[in-house]
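Notes to accompany the following structure.
No value in this document is a laboratory result; all are computed from the given coordinates. Fair warning: this is a prediction, and the values are worked out from it, not measured in the lab. Cβ sites come from the backbone with ideal geometry, for glycine too, and all protein chains shown count toward neighbours.
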């Protein structure tokens, strides 16, 4: 099996495992699944990623809030800066330093 097929098989396995855990309510798995979907090459599933990040963020997962902000800011065309700012602010409000950093960058954009 060539390396591309091995990577694809590993990604499929990771997606399936995270899907089961996310469906059971595991917010870390929701974030992982969102990342797998957002960064999939052929093609990315941005709506799917957004949905899983949103579910985890609504459950209080601050990493999901930041990832959702990054997704909205950098992967949507056009960028959804107001939405990104909202999620960064929610994470920053509870002490997430990466969210604070991203808010500072957005302040320079608008």
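Sort 37, 68 so the one with the fewest other Cβ atoms within 10 Å of its own Cβ comes first.
37, 68
So, in nm, how far is label residue 81 from label residue 42 when the simple model puts each one 7 Å beyond its Cα toward the Cβ?
Spacing of the two 7 Å Cα→Cβ label points: 3.6 nm.
If a/c stays under 1.5 just call it rounded; otherwise compare a/b with b/c (prolate if a/b is bigger, oblate if not). Do that for the range 54-110, with a ≥ b ≥ c from the square roots of the Cα gyration tensor eigenvalues.
It comes out oblate by the Cα gyration axes.
What number does the range 3-109 give for Rg over Rh if you use C-alpha atoms and the Kirkwood radius?
For the range 3-109, the value is 1.01.
Pop a pseudo-label 7 angstrom from the Cα along the beta-carbon direction at both residue 2 and residue 21 and give the gap in nm to one decimal.
3.1 nm
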